[in-house]
Amino acid sequence: MTDDLYREGFEKWVARFQKATVDQSALRNEIGREVGLAVSAYRARYGDGAARAIDLGAGDGRHTLYLASQGFDTLSVEAAPTGADLIRQKLERDGLSAEVVVADLREYTLPENIDLMISSYVIHLLPDPYEQIKAWMTKVRPGGVMSLSTRGRMPFDKDHNWFPQAIELRRVV
């Protein structure tokens, strides 16, 4: 895997975010099922108290907005400035708050003791995904929840894209 893959993905998303508006998402507005399950799992274990959540590769903010609306102290990390701008506009529109950071996930230093970590459909763009996942896991506090979503290979994907095989992520731990 090369940085070219990350650059290709980055350029594609910058263009998509430039075409999006506050009211018309570049992706879809509904949260991913896995994110809802992660929040439910966290709340079932710890209740509704304040907790620190992070949305890695936040896109145009659908999960950031959901986490903020659920009362999490939310940090949103997105590489594309156009995506981060959309997140900020949507937060303001909805009267929500979250810290929004423009950062390259290949270089960004995550904070310690995260209660809930969300990463949806970005890990396949990063170099050495297994090492990246292991590094992210060290930032989730003991007992915290990490939700990592990716997809399988599609016919249009290039050979250098990484996608896990069935149950392949078990290798990480």
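The values are calculated or read from the model by the stated rules, or taken from the named source; none is laboratory data. Just so you know, these numbers come straight off a predicted model, no measurement behind them. Cβ sites come from the backbone with ideal geometry, for glycine too, and all protein chains shown count toward neighbours. Heads up: the accessible areas ignore ligands, DNA and RNA and are worked out on the full protein's heavy atoms, side chains in. Shrake-Rupley method; radii C 1.70, N 1.55, O 1.52, S 1.80 Å.
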Answer with yes or no whether Thr74 is at pLDDT 95 or above, assigned to a strand (DSSP E or B) and surrounded by 15 or more Cβ atoms within 10 Å (Cβ to Cβ).
-> yes
Filtered residues of the stretch 105-131 (kept if charged (D, E, K, R) and surrounded by 13 or more Cβ atoms within 10 Å (Cβ to Cβ)) | Arg106, Asp115
Inside the stretch 39-53, the number of residues satisfying the requirement of being in contact with a Phe, Trp or Tyr (Cβ under 9 Å, 6 or more places away or on another chain) and among the hydrophobic types (A, V, I, L, M, F, W, C) is 4
The stretch 35-61, residues that are charged (D, E, K, R) and either surrounded by fewer than 22 Cβ atoms within 10 Å (Cβ to Cβ) or in contact with an Asp or Glu (Cβ under 7 Å, 6 or more places away or on another chain) (or both) = Arg43, Arg45, Asp48, Arg52
Set Phe10, Phe17: member being touching a residue at least 40 places away in the same chain (Cβ under 8 Å), in a helix (DSSP H, G or I) and closer than 13 Å to Leu86 by Cα = Phe17
Test result for Arg153, more than 16 Å from the chain's Cα centre (by Cα), modelled with pLDDT of 90 or more and outside any helix (DSSP H, G or I) = no
Selected residue [among the small types (Gly, Ala, Ser), touching a strand residue (DSSP E or B) at 6+ places or on another chain (Cβ under 8 Å), under 16 Å from Trp13 (Cα atoms) and open to solvent by 10 Å² or more (accessible area, probe 1.4 Å)] from Ala79, Ala84, Ala98, Ala68 | Ala79
The residue from Arg43, Arg28 that alone is over 18 Å from Leu148 (Cβ atoms), modelled with pLDDT under 75 and of a type in the set (Lys, Arg) is Arg28
Selection within the stretch 105-145 - more than 15 Å from the chain's Cα centre (by Cα) and at positive phi = Asn113, Asp128, Gly143
Just give me the residues in the stretch 62-73 being of a type in the set (S, T, N, Q) and touching an Asp or Glu at 6+ places or on another chain (Cβ under 8 Å), in sequence order.
-> Thr64, Ser69
For the stretch 91-110, indicate whether the set of residues that are under 13 Å from Thr64 (Cβ atoms), outside any loop (DSSP other than H, G, I, E, B) and among the polar types (S, T, N, Q) is non-empty.
-> no
With respect to Gly32, determine if the residue is over 18 Å from Trp136 (Cα atoms), surrounded by fewer than 21 Cβ atoms within 10 Å (Cβ to Cβ) and in contact with a Ser or Thr (Cβ under 8 Å, 6 or more places away or on another chain).
-> yes
